[in-house]
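A short write-up of the structure that comes next.
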């Protein structure tokens, strides 16, 4: 009969000392009837007791944001579309560049439609979006956003349609009037589109978001403008001086915002520096601030369009990372129980219990 | 209209979790799966979309007058049954873009399930981390204050099932008075660390689920200073207005300057 080898067990190897100790215990028990001993503290002991230092076992107080990735993507698309409508309006008023006008009009209209699609995807079914339109609620940024998006996508689509008709049929007064009015309204709502998402996440209970509520709308608007300019350049409008100037301004603001965020080194802003969210926010800041700024200046001096294209791609990537990074930072912030409970500064993460350590080892 | 409320007295709670069971049975909530948390006997961890009552097991070092046994290193337990606070100024209600979250005739904050569209903005607007979206269903859920039972003139399921009357149900003002009286009784018995949790001084302006606890409310995961997120709105829209103005100005200048 062959013997199956027993699996190796984790454990101690008995030695003379251990056996002598056990014998001593047996003798003492036989003599006195009781063996007083402190026992062995299990792994992870002492267990975290409830205290004003630890909170409730470090269980997060707040719930994490439950948005799907469509929502930060919508922040990006909606922001770029809104800024694009503003660019289209200014091109219409002040520039003879019909190509740029058409590109910006269509980007605004396409972005508006894509934004609605992304939000519907997050909600699960189209009819749910209509529920947003049964009330008008100024104290709810989400309600304001739903109405702004509805208005923006209608106006920007009308402006793009009028632009198409004008090019196909000629500048009739009715068509021009329609393009000018719809374009101006799209620009007005576009301004809200690119900045309100900062209000949306700023006016919540998530500490890292409401801590930065004073600059988030500006940050997101600059990011939206940066990405709109860059996307238009990528689509071929890379000889517009105005766009390069706009790109420089937006990158300047992003650089300043990055410096501001890095200078606020309190623990509420920790998710902007640490972990995945920190990496994303920081990378987003670098890619949309100093990198495109340097590249755009280099382009202005050398006139090499490759540099300008590189700046555009960097800005788009940075803008995307910024939105995803901020949403991720909100998740990390919600998981940190110390801030909403106002636990004393320097409170460490709560020690894991022996059971949690054992589970971790098994996994 | 009268305002009804809960008073959850943790000095009477025995940690039996009958309220959790009663709540799940009456409201027909699904099970959450069993996961050992390692945190005392609390394996539920927090209220959520399918847990509207949740008993917290707060372990304190053994102490005379608190329980526990120092010789055997057994902790002193404090139990408290957590629930939606039904805030006077409710963050979720303010934030809801569909009007699905409403105030009931007896003061409860109620999510109408046929109107909620699952935007999950209430989730990030609740300073107590109560509201949660059910990812399978796509809508947000929380304690209804047993509005269906209250309309039928009955008390909520958890209060009815509580064997020690740790969960009291009644008129808000009566319960506020009762809590103060209970505090005096406890004090006379030597329980001097009892407190009432009712953040009237914060922007929440008071809650309809009062708690009587021993020691620091933070050990029960209750925030000392809950803020309704609408308090940040002014600053946020000001920043948005600055952003819009700057964007308009910058594009105007860029196109004027870019004409050449």
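For the range B:100-142, the set of residues classified as part of a loop (DSSP other than H, G, I, E, B), farther than 21 Å from residue A:122 by Cα and either in contact with a strand residue (DSSP E or B) (Cβ under 7 Å, 6 or more places away or on another chain) or more than 10 Å from every other protein chain (Cβ to nearest Cβ) (or both) consists of B:104, B:105, B:106, B:107, B:108, listed by residue number.
Conditions tested, residue by residue: (1) in the same structural domain as residue B:8 (by TED's automatic domain parsing); (2) within 27 Å of residue B:195 (Cβ to Cβ); (3) free of Cβ contacts under 8 Å to residues at least 24 places away in the same chain.
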residue	(1), (2), (3)
B:130	yes, yes, no
B:133	yes, no, no
B:148	yes, no, yes
B:156	yes, yes, no
B:161	yes, yes, no
B:174	yes, yes, yes
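The test for being more than 8 Å from chain B (Cβ to nearest Cβ), in contact with a helix residue (DSSP H, G or I) (Cβ under 8 Å, 6 or more places away or on another chain) and within 29 Å of residue A:256 (Cβ to Cβ) does not hold for residue A:163. Among (1) within 11 Å of another protein chain (Cβ to nearest Cβ); (2) in contact with a helix residue (DSSP H, G or I) (Cβ under 8 Å, 6 or more places away or on another chain), where does residue A:131 come up short? All conditions are met except number (2). Just one of (1) surrounded by fewer than 17 Cβ atoms within 10 Å (Cβ to Cβ); (2) under 22 Å from residue B:55 (Cα atoms); (3) modelled with pLDDT of 95 or more fails for residue B:193. It is (3).
For residue B:97, the test of being within 10 Å of chain A (Cβ to nearest Cβ) and closer than 29 Å to residue B:212 by Cβ is failed. Of the residues B:12, B:29, B:7, the single one that is surrounded by fewer than 19 Cβ atoms within 10 Å (Cβ to Cβ), under 29 Å from residue B:177 (Cα atoms), away from chain A (no Cβ under 12 Å) and touching a strand residue (DSSP E or B) at 6+ places or on another chain (Cβ under 9 Å) is B:12.
Screening residue B:205 with (1) under 25 Å from residue B:8 (Cβ atoms); (2) free of Cβ contacts under 8 Å to residues at least 60 places away in the same chain gives one miss only, at (2).
Residue count for the range B:32-64 under the criterion of being at the interface with chain A (Cβ under 9 Å from one of its Cβ atoms), farther than 21 Å from residue B:166 by Cβ, buried (at least 18 other Cβ atoms within 10 Å of the Cβ) and touching a residue at least 12 places away in the same chain (Cβ under 8 Å): the result is 1. Look through the range B:224-239, keep the residues that are at pLDDT 95 or above and assigned to a loop (DSSP other than H, G, I, E, B), and return whichever of them is surrounded by the fewest Cβ atoms within 10 Å (Cβ to Cβ). Here the residue is B:227. Exactly one residue out of A:286, A:205 is away from every other protein chain (no Cβ under 14 Å) and modelled with pLDDT of 95 or more: that is A:286.
For the range B:228-243, a residue qualifies if it is under 12 Å from residue B:94 (Cβ atoms) and more than 7 Å from chain A (Cβ to nearest Cβ), and the qualifying residues are B:228, B:231. Screening A:199, A:181 for residues that are without any contact (Cβ under 8 Å) to a residue 12 or more places away in the chain, assigned by TED's automatic domain parsing to the domain that holds residue A:79, in contact with a helix residue (DSSP H, G or I) (Cβ under 9 Å, 6 or more places away or on another chain) and not in a loop (DSSP other than H, G, I, E, B) leaves exactly one candidate, A:181. In the same structural domain as residue A:247 (by TED's automatic domain parsing), within 26 Å of residue A:321 (Cα to Cα) and in contact (Cβ under 8 Å) with a residue 60 or more places away in the chain: is that true of residue A:220 in this structure? Yes. Within the range A:213-249, the set of residues being assigned to a helix (DSSP H, G or I), surrounded by fewer than 24 Cβ atoms within 10 Å (Cβ to Cβ) and either facing another protein chain (nearest Cβ under 10 Å) or out of contact with any helix residue (DSSP H, G or I) (no Cβ under 7 Å at 6 or more places or on another chain) (or both) comprises A:218, A:241, A:244, A:245, A:248, A:249.
The values are calculated or read from the model by the stated rules, or taken from the named source; none is laboratory data. What you are looking at is a predicted structure, and each value in this text was computed from that prediction instead of being measured. Ideal geometry is used to build each Cβ from the backbone, glycine not excepted, and the neighbour counts take in all protein chains shown.
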